[in-house]
Amino acid sequence: MFQIIVDDDVKQMIIDAKEDYRVCTACRGPVLVPISIKPPKATDVVIPVGDQKLYISRVQADYVDQVSMDMLCTERDLNTCPAFPTYRRGRY
C-alpha cells in the first residue's frame, strides 16, 4: 500500500479549484496538473481530497512520498514538455 502525504495547501487548492488533479511524469519530473490537461488512468492511485480526487500515476506512486505545491505544473512545463502534446498556450 502507498503512503503518500498530500500537503494541506495542495488539498485546499484542489478543493478551491473544484477539479480533480493528477501527479504525472513530465520533463522535470513529477508534476501536479488538472485532469483536464492529463486525464487519469485506470492504474492510478486515487486519494480523496474533499469532494475531489487526486490521482497519482502508477509510475510516480513508486517514487513520490509527498505531494507539495512546488510540483504544480507551470505554463512553461505545458508549453515545452512533450508529455503535454494537446496543450496549447492559453487553451486546453
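A Cβ distance below 6 Å, combined with a sequence gap of six or more or placement on separate chains, defines the contacts here; from the range 64-92, residues that are over 18 Å from Val23 (Cβ atoms) and surrounded by fewer than 10 Cβ atoms within 10 Å (Cβ to Cβ) reach no residue that is among the β-branched types (Val, Ile, Thr) and modelled with pLDDT of 85 or more.
In the range 28-73, the qualifying residues are those that are of a type in the set (S, T, N, Q) and outside any loop (DSSP other than H, G, I, E, B), and the one that is farthest from Gln12 (Cα to Cα) is Gln60.
Within the range 11-59, the set of residues being of a type in the set (S, T, N, Q) and touching a Lys or Arg at 6+ places or on another chain (Cβ under 9 Å) comprises Thr43, Gln52, Ser57.
Within the range 13-27, the set of residues being surrounded by 13 or more Cβ atoms within 10 Å (Cβ to Cβ) and part of a helix (DSSP H, G or I) comprises Met13, Ile14, Ile15.
Residues of the range 47-63 that are over 17 Å from Asp16 (Cα atoms) and under 11 Å from the mean Cα position of the chain (by Cα): Ile56, Ser57, Gln60.
The values are calculated or read from the model by the stated rules, or taken from the named source; none is laboratory data. Quantities reported herein were computed from a predicted structural model and do not represent experimental measurements. Neighbour counts run over all protein chains shown; Cβ positions are idealised from the backbone, glycine included.
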